[in-house]
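Reviewing the structure listed below.
The values are calculated or read from the model by the stated rules, or taken from the named source; none is laboratory data. As the structure is a computational prediction, the values presented were derived from the model and not from experiment. Cβ atoms come from the backbone with ideal geometry, glycine included; neighbour counts cover every protein chain shown. We work out accessible area using only protein heavy atoms, side chains counted, and drop any ligands, DNA or RNA first. Shrake-Rupley method; radii C 1.70, N 1.55, O 1.52, S 1.80 Å.
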Amino acid sequence: MRSITRIDENVNIWMDVQGEEIPPYVEEAIRLCSGSALKVVLTHDNASSHAPGELLSEALVELISKSAAPGFVWHPFAKKLVPSLWSNFK
């Protein structure tokens, strides 16, 4: 994930996690990206890391905010740009 932002800082990453639970390796990958200024939206079932709609766990949203870039990200469910979680972290 960090590598792609070195090519183009405007890249939005959509991580759509399949299965009944979010695997620990997904959380670890996000944790390792802390401070990387990524534009990531994580979805699982009908929940998302970003509003509008049902949100993922508060702990996971906080973890994503620590790797967020300022600006806006593309929300795949809402089909529009939404504010980054960066403002939650600063």
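What pairs come up if the first residue lies in the stretch 9-35 and is on the phi < 0 side of the Ramachandran plot and of a type in the set (A, V, I, L, M), the second is in a helix (DSSP H, G or I) and open to solvent by 50 Å² or more (accessible area, probe 1.4 Å), and their beta carbons are under 6 Å apart, counting only those six or more places apart or on different chains?
11/4
Can you tell me which residue is nearest to residue 58 (Cα to Cα) among those in the stretch 13-33 that are of a type outside the set (A, V, I, L, M) and either modelled with pLDDT under 85 or in contact with a helix residue (DSSP H, G or I) (Cβ under 7 Å, 6 or more places away or on another chain) (or both)? First the steps, then the outcome.
Applying the first criterion (of a type outside the set (A, V, I, L, M)) to the stretch 13-33 yields 14, 16, 18-21, 23-25, 27-28, 31, 33.
Now restrict to residues that are either modelled with pLDDT under 85 or in contact with a helix residue (DSSP H, G or I) (Cβ under 7 Å, 6 or more places away or on another chain) (or both): 27, 31, 33.
Numbers: 27: 13, 31: 14, 33: 18 Å.
Among residues in the stretch 13-33 that are of a type outside the set (A, V, I, L, M) and either modelled with pLDDT under 85 or in contact with a helix residue (DSSP H, G or I) (Cβ under 7 Å, 6 or more places away or on another chain) (or both), the one nearest to residue 58 (Cα to Cα) is 27.
Does at least one position in the stretch 36-46 carry a residue that is at pLDDT 90 or above, of a type in the set (D, E, K, R), assigned to a strand (DSSP E or B) and out of contact with any His (no Cβ under 9 Å at 6 or more places or on another chain)?
no
Please name all residue pairs, on different chains or six or more residues apart, with Cβ atoms under 6 Å, provided the first residue is in the stretch 53-72 and is touching a residue at least 60 places away in the same chain (Cβ under 8 Å) and the second residue is of a type outside the set (S, T, N, Q) and surrounded by fewer than 18 Cβ atoms within 10 Å (Cβ to Cβ).
From residues that are touching a residue at least 60 places away in the same chain (Cβ under 8 Å), the pairs are 69/37.
Out of the stretch 48-77, which residues are among the aliphatic types (A, V, I, L, M), farther than 17 Å from residue 24 by Cα and surrounded by fewer than 17 Cβ atoms within 10 Å (Cβ to Cβ)?
Taking the stretch 48-77 first, the residues among the aliphatic types (A, V, I, L, M) are 51, 55-56, 59-61, 63-64, 68-69, 73.
Going one step further and asking which of them are farther than 17 Å from residue 24 by Cα, we end up with 51, 55, 68-69, 73.
The answer is 51, 55.
Listed here are the residues, each with its yes/no results for (1) touching a helix residue (DSSP H, G or I) at 6+ places or on another chain (Cβ under 7 Å); (2) outside any loop (DSSP other than H, G, I, E, B); (3) not polar (S, T, N, Q).
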site	(1), (2), (3)
50	no, no, yes
53	no, no, yes
64	yes, yes, yes
78	no, no, yes
82	no, yes, yes
